[in-house]
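Read through the structure below, which is laid out as structure tokens, and then see the notes.
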Amino acid sequence: MGDGDADDVDDDRGDANGGGRAADEAASQDTADTEAGLIGDVAANNLHDDATLSLTPEQHQRLKDGLHGARFDDIRRASRRYLVVGSGSGESGRRRQRVCAQLDDRRDAVAFRLEEFGFDADDLDQWAPAFEVLSAQATWIVGVIEDFNGGHVWELGYLYRQQTGVRDVLWLLKRVYDDPETQRAQYENGMAASHLAALEAVVGDRVVEWATLDELESAVEQIP
């Protein structure tokens, strides 16, 4: 993808001219964060909401080890940072990867997914704090929503609970289906539906519907 409109954003959202300074600041900040007990820009004692279990010292160290690596350095040095959430498996997972690649191809930008940091099904207790840290780093959070099946329903719930903090940075790319029965079947989850409806109301015109790959690509183009 060319630079085009994606580079015509304000300084807070992607001035590539600040890339060198951002890289220097990120390098020095990494050391400071480690010494201060921070994970990203989030203090360790501020990571958990009431529904999240506290981490053991070993789990906390694993979280820090997972997030303070080369990939995290890449994120902190980029002027534009896209956290892409959604399905991680099957065809829908591959479409989410296409969205990630399309955003990552932009100049001085990086797109990333939670699972890139090595947290697997055995690390469920660390997903919430890891997601919170990565959300804090993101310029934009991009949800690629095709159904209510899978772990991304948890991410929707998290975004719903944190909507006052993410509403200004959230984009929702929502798949729609021509057949009404298919549409109902794919989105048949009452609680997830209420969470998504609330998020759609909060973000307004940053909800973009799509039905084909071409439409999905065009939807991504609308994100700054």
Expressed as a percent, the portion of alpha-carbon pairs in the stretch 81-154 spaced more than 16 Å apart is 48 percent
Added length on full extension, which subtracts the Cα-Cα distance from 0.36 nm per residue, residue 212 to residue 94: 41.1 nm
Computed lengthening from residue 183 to residue 198, 0.36 nm per intervening residue step minus Cα-Cα distance: 3.5 nm
Applied in sequence order to the stretch 99-105, the curve 6.51 cos²θ - 1.76 cosθ + 1.60 (Karplus, θ = phi - 60°) yields integer Hz couplings, x standing for Gly and Pro, of 4, 4, 5, 5, 6, 5, 6
As a footprinting exposure proxy, order 94, 81, 167 by other Cβ within 10 Å, with the fewest listed first. 94, 167, 81
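Readers should treat all values here as calculations from the given coordinates under stated rules, not as data from a laboratory. Everything numeric in this text was worked out from a predicted model, so none of it was measured. Quick reminder, even Gly has a Cβ in these numbers, built from the backbone with ideal geometry, and neighbours come from all protein chains shown.
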